[in-house]
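Please read the structure below before turning to the comments.
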Amino acid sequence: MKNKIFSYLRIFSILCKYNKLLPIMLLCLTSIISSCSLDIEKTLFKKNTNKETKTLSVFFEANSYNVPDIYIKRIEEFAMFIANNSHLKVRIIGNTDDKGSSEYNIALGQRRANVIYRIIKILGANEEQIEIISLGKEKPIYNDLIQDKNELAKNRRVDIICSRT
C-alpha cells in the first residue's frame, strides 16, 4: 500500500508544477483516497469466513478503566475508519481478569467498553453502528491456572470487533 501511495504522490507532485492540469490533479487525489480506503478494508476483512475480524484490543491496568496513552492513536485511527464506513457494525466488548466478584467485573468491563465507545463516538462513528457488551471475567483469554502475571493481564481488555453488514 505504501508503494502505491508514494507512486501517486510522485505523480501528484509532478502535476502540481503545471497549473493547467488541475482536473488531472483532482483525479489523482480521488484515486489516492479511494485506493487507501479499499486497501484498509481489504486488510481488515481479508479471508474472513465468519464475517468478524478482531481489529483492536486495548489492555488496561488492574481495576482501571483509564485508556493507556499507547492506545489512543490506534483507537483514533480505527474510529476515523468506522466513521468513514457507515456500513460497518462494531462490537465493543469489555473484559476483566478473575479478581473480584462477577458483579464488580461486569461493571468494570462495562466502564472500559463505555470509555472506548465515547472516544469512537466523539470521532464521528454513528451510535447505531456500535454495540457495547461487558463479559466481565466470563470469557478470559488465559485462565487462573497460568502463573505468568503478564499473560493474565491480557484478560483486562476491551476487544473492538468490526463486521460488515
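The values are calculated or read from the model by the stated rules, or taken from the named source; none is laboratory data. These numbers come from a predicted model, not from an experiment. No Cβ is skipped: glycine too gets one built from the backbone with ideal geometry, and neighbour counts run over all protein chains shown. Keep in mind that these areas ignore ligands, DNA and RNA; they rest on the heavy atoms of the full protein, side chains included. Shrake-Rupley method; radii C 1.70, N 1.55, O 1.52, S 1.80 Å.
Side notes on the structure shown:
- Here the extension length gained between K154 and I141 equals 4.0 nm, from 0.36 nm per residue of separation less the Cα-Cα distance.
- Of the chymotrypsin sites (Phe, Trp or Tyr not before Pro) found in segment 77-165, those that fall in a DSSP loop while having at most 15 other beta-carbon atoms within 10 Å are Y142.
- Unsatisfied cross-links (Cα-Cα over 23 Å) in the set K121/K154; K89/K121; K99/K121; K89/K139: K121/K154; K99/K121
- Carbon and sulfur %, accessible surface of segment 77-165 computed with the full protein complex present, 1.4 Å: 50 percent
- Extension gain, N114 back to E131 (0.36 nm per residue minus Cα-Cα distance, nm): 5.1 nm
- Couplings 3J(HN,Hα) of segment 92-101, computed from phi: 10, 10, x, 10, 9, 7, 8, 7, x, 6 Hz, in residue order, whole Hz [Karplus 6.51 cos²θ - 1.76 cosθ + 1.60, θ = phi - 60°; x for Gly and Pro].
- HN-Hα J in Hz across segment 62-74 - Karplus 6.51, -1.76, 1.60, θ = phi - 60°, x for Gly and Pro: 4, 6, 10, 10, 7, 6, x, 3, 5, 9, 4, 4, 5
- Segment 98-146, accessible area per residue, ligands and nucleic acids excluded (1.4 Å, Å²): 59 Å²
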